[in-house]
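To keep things clear, I will list the structure first and then write my remarks on it.
The values are calculated or read from the model by the stated rules, or taken from the named source; none is laboratory data. Every value quoted in this text rests on a predicted model; they were computed, and no experiment measured them. Glycine also receives a Cβ, built like all others from the backbone with ideal geometry; neighbour counts cover every protein chain displayed.
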Amino acid sequence: MSTPTEAPTEAQVRSEIREWLAKNWDPDLSLLDWRTRLADAGWAAPQWPKEWYGRGYPHNLVRVVQEELAAVGAVGPASSGVRMLAAATLLEHGSDAQKKKYLRRILTGEDTWCQFFSEPGSGSDLAGATTKAELKGDFWIVNGQKVWTTSAHHADHGLLVARTDWDAPKHDGLSFFVIDVRQPGVDVQPLRQMNGHASFNQVFFTDAKVPKENLVGKLNDGWKVAMTTLMHERRGADGLMPPVKKGRKEGRIHAEERAENDKANEPYRWYPQRAGRVDLIIERAKETGANKDPYIRQEIAKLMIFAKSAEWTARRARAAQQQGRPQGPEGSLGKLAASHVARGCARVHTLMTGTDAMLTGKESPREGVIAEILVSVPAVSIAGGTDEIQRNIIAERVLQLPKEPRFDTGPFRNIRRN
Ligand SMILES: Cc1cc2nc3c(=O)[nH]c(=O)nc-3n(C[C@H](O)[C@H](O)[C@H](O)COP(=O)(O)OP(=O)(O)OC[C@H]3O[C@@H](n4cnc5c(N)ncnc54)[C@H](O)[C@@H]3O)c2cc1C
């Protein structure tokens, strides 16, 4: 990243991108042509390094670029799903060949990604993964099972954590790979959740092949690489939602973007409900008359105070991160606070709606949204590290309390599992 002294001024950036947009933005281009222009000019991810489709800009200049794109109604880079986690991981640990092969296609939306971390016997205990990769000739041969894999059913590539050394201690025998999901030997089976959606999959690997050059980082250093992915995932799980784009824009590019979003966002359609829909609380209080109930009013006030302070804490953490400052304790608190808010919302929505909160379908409260909240919020307390795991992290790393006793040292082969 460029240092602030090397960076251009805000006015220079505005003038440069305005001039570029005047020559290049055309809503009748294909989405791919437009995003290719955007990526090649370094405007798609201006915070990325100059040699990798970016401009090394600090956060304040990235915001300027986004404002200028929005001002002319221009479409941004593809950013849904796991692709940005893949990009962050490859930017930090990938080889030049990997960056060249994948980064541009991430921005243009040509490839979609998923994350093969959790297994039936290792979710919280990610370092206990038993899916194995063995080197045979020029390929790693992968066997094992992953589960909870969001979007694997339409992913091109997966970020895979697999065991490559069974005699090393558990964190030291893992490696990190990019695996082609659309190959024989990768069997993706969708799982249906209690909210009716099928966003996750269980995935079976039977002699699936990974070219040697798809190892990310060093052999048996996969834990470190996976931590980069998880750190970026948890930063994005603080409950701060991106602004909703309003209005239906005309032109080929917008139609293609809508079609892409409909497909890519299908597994995430219930995610607003999973966050608890704090934005609906006041409206629902007025709609149901709960604002006149003295007990429920107190519950609403408690929830809104917590939600607001959690939002401000998350904003402080984001601001620190964007200015390149180390995250303080607020970074660890963000995800836990988001899950507390989600569960609080489910409770208050139920108090306000009563037994009708269990109804779904067109005639039910908010056409089923309230019921969907109830059966979706438990996910926030699990995805990307459970509440208990977040509490352990806060206890050990923020409060410096003694560490949990460990029974999993020594060669992984000898550790008792399941
Ligand atoms: C919406 C959603 C999307 C997801 N998407 C993906 C994905 O795309 N890719 C992927 O790889 N995974 C994904 N996951 C999986 C997720 O990362 C795991 O579910 C999570 O890490 C917990 O693992 P587990 O389900 O195996 O629970 P377990 O680890 O079996 O935990 C069970 C219970 O034990 C508790 N527990 C475990 N260890 C400890 C401990 N040391 N101290 C105290 N309590 C403990 C847990 O808190 C939990 O309550 C997703 C999950 C959800 C809900």
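Tabulated data for the structure shown
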| item | result |
| --- | --- |
| Residue match in the stretch 51-68 (condition: modelled with pLDDT of 95 or more and more than 29 Å from Thr228 (Cα to Cα)) | yes |
| Residues located in the stretch 139-185, provided they are farther than 16 Å from Lys218 by Cα, touching a residue at least 40 places away in the same chain (Cβ under 8 Å), among the acidic types (Asp, Glu) and more than 16 Å from the ligand (Cβ to nearest atom) | Asp167 |
| Number of positions in the stretch 19-31 that are surrounded by 13 or more Cβ atoms within 10 Å (Cβ to Cβ) and part of a helix (DSSP H, G or I) | 4 |
| Some residue of the stretch 347-362 being among the aliphatic types (A, V, I, L, M) and within 16 Å of the ligand (Cβ to nearest atom) | no |
| Sole residue being charged (D, E, K, R) and surrounded by 14 or more Cβ atoms within 10 Å (Cβ to Cβ), chosen from Arg315, Arg391, Arg406 | Arg315 |
| Helices (runs of 4 or more DSSP H) within the stretch 41-111 that include 1 or more residues surrounded by 16 or more Cβ atoms within 10 Å (Cβ to Cβ) and of a type in the set (Ser, Thr, Tyr) | 83-93, 96-108 |
| Selection status of Ala127, in contact (Cβ under 8 Å) with a residue 40 or more places away in the chain and within 15 Å of the ligand (Cβ to nearest atom) | yes |
| Ala310 on the phi < 0 side of the Ramachandran plot and surrounded by fewer than 14 Cβ atoms within 10 Å (Cβ to Cβ) | no |
| The stretch 189-203, residues that are part of a strand (DSSP E or B) and within 10 Å of the ligand (Cβ to nearest atom) | Phe200, Asn201, Val203 |
| Selection from the stretch 76-122 of residues that are at pLDDT below 95, among the hydroxyl-bearing types (Ser, Thr, Tyr) and within 16 Å of the ligand (Cβ to nearest atom) | Ser80, Thr112, Ser122 |
| Filter result (outside any helix (DSSP H, G or I) and free of Cβ contacts under 8 Å to residues at least 24 places away in the same chain) within the stretch 255-309 | Gly289, Asp293 |
| Failed item in (1) under 16 Å from the mean Cα position of the chain (by Cα); (2) at pLDDT below 95, with Gly158 passing the rest | (2) |
| All positions within the stretch 381-399 that are under 25 Å from Gly81 (Cα atoms), more than 8 Å from the ligand (Cβ to nearest atom) and not polar (S, T, N, Q) | none |
| Odd one out for Gln12, checked against (1) in contact with a helix residue (DSSP H, G or I) (Cβ under 9 Å, 6 or more places away or on another chain); (2) surrounded by fewer than 18 Cβ atoms within 10 Å (Cβ to Cβ) | (1) |
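Quick grid of which residues meet (1) assigned to a loop (DSSP other than H, G, I, E, B); (2) under 19 Å from Val278 (Cβ atoms); (3) free of Cβ contacts under 8 Å to residues at least 12 places away in the same chain; (4) in contact with a Cys (Cβ under 7 Å, 6 or more places away or on another chain):
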| site | (1), (2), (3), (4) |
| --- | --- |
| Arg366 | no, yes, no, no |
| Ile370 | no, yes, no, no |
| Leu374 | no, yes, no, no |
| Ile389 | no, no, no, no |
| Arg397 | no, no, no, no |
| Pro402 | yes, no, yes, no |
| Arg406 | yes, no, yes, no |
